[in-house]
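Below you will find the structure I want to go over with you.
The values are calculated or read from the model by the stated rules, or taken from the named source; none is laboratory data. Everything numeric here is computed off the predicted structure, so don't read it as measured data. Cβ placement follows ideal geometry from the backbone for every residue including glycine, while neighbour counts extend to all protein chains displayed.
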Amino acid sequence: MPVYKLKPACKDYLWGGDRLKKEYHKEFAGERLAETWELSCHPDGPSVIAEGPEAGLTLPQYIEKHGKGVLGSNCQIFQDFPILIKFIDARDDLSIQVHPNNIDALEKEHQYGKTEMWYVLEAEEGAYLYYGFKRPLTQEEYRRRIRDNTLEEVLNAVPVQKGDMFYIPAGTVHAICKGMVIAEIQQNSNVTYRVYDHGRVGAVQIVTVTGQQGRNFGPVRAIMSGQVRTRFPASYRTFAYNEIISLQKRNSLQEVQTWTTNECSPCILPTG
């Protein structure tokens, strides 16, 4: 089976920097390069075959031309290519956001939800990210803090360093903050609900999706108990990757816990 080099799709979001061009030698004519989608079949940014007789074909076009057999036997069960891998250069803070699970995304957005995993490639001194809330919030406080620009006061800021890894289940409020380069492995989805964007855009819709999350393990437990845990062995990285793949094998999560109170857990948004 031939091996092809892929050319990534490039994104110039306003918070991006130039490290992917200067340090990772990504080709892009624009001034800033926020993301490169290294392995992608998503219509918002598919990878392109860079060389050889198939050069110029997008990865979805190549798969359609030659059949799913080129992906191996394990991919035959998937309706769509299961994952998306990207590099992210955060010169500035990203929006505070949340991604829906498979159930909500398939119903409302007609694509899969987005559970993701981050591996920190580079981190400046003092870099941190937001992962969940410090404490439970009522819907009223949650909405008020968005209006008053004080939401960050109740977000859980986690210091990061090179080599850290984070597993972000769908439904977890989070944000990548400035001063880091991250490799992200995620479900093949581009659904993002922005909760707060630091005043950079117009009125941000207040997200009131029903809070749901999968099994409560790993860093989620650590964050909820107030014990920040940011380094994981290689076996945990493999486990997180396998969890992302397993989510794509199901159109709905059978082990979802739905929060039915009027409070917000430290990791998810208030229930609707």
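With the requirement that a residue be of a type outside the set (G, A, S), more than 10 Å from the chain's Cα centre (by Cα) and either closer than 13 Å to D89 by Cα or part of a loop (DSSP other than H, G, I, E, B) (or both), what does region 166-187 give you?
V173, C177, K178, M180, V181, I182
Every residue in region 69-98 that is modelled with pLDDT of 95 or more, assigned to a strand (DSSP E or B) and not aromatic (F, W, Y), please.
L84, I85, K86, I88, D89, A90
Oh, and also: Suppose we filter region 1-35 for residues that are hydroxyl-bearing (S, T, Y) and farther than 20 Å from E124 by Cβ; how many remain?
1
Say we look at region 44-75 and pick out the residues that are within 24 Å of the chain's Cα centre (by Cα) and among the polar types (S, T, N, Q); which of these is surrounded by the fewest Cβ atoms within 10 Å (Cβ to Cβ)?
Top of the filtered list is N74.
Now for a different question. Please state which one of Y62, Y24, Y4, Y13 is of a type in the set (S, T, Y) and in a helix (DSSP H, G or I).
Testing whether each residue is of a type in the set (S, T, Y) and in a helix (DSSP H, G or I) leaves just Y62.
A further question follows. Under 29 Å from P43 (Cβ atoms) and not in a helix (DSSP H, G or I): is that true of G126 in this structure?
No; evaluated as a whole, the condition is false for this residue.
If you don't mind, there's one more thing I want to ask. Could you give me the residue pairs with C-beta distances under 6 Å whose first residue belongs to region 1-30 and is closer than 17 Å to P43 by Cα, whose second residue is among the acidic types (D, E) wherever it lies, and which are 6+ apart or on separate chains?
Correct list of pairs: P8/E38; K11/E35.
Here is a further query. Taking the stated definitions as given, is I146 in contact with a strand residue (DSSP E or B) (Cβ under 6 Å, 6 or more places away or on another chain), at pLDDT below 90, not in a loop (DSSP other than H, G, I, E, B) and not charged (D, E, K, R)?
When the stated conditions are applied, I146 passes them.
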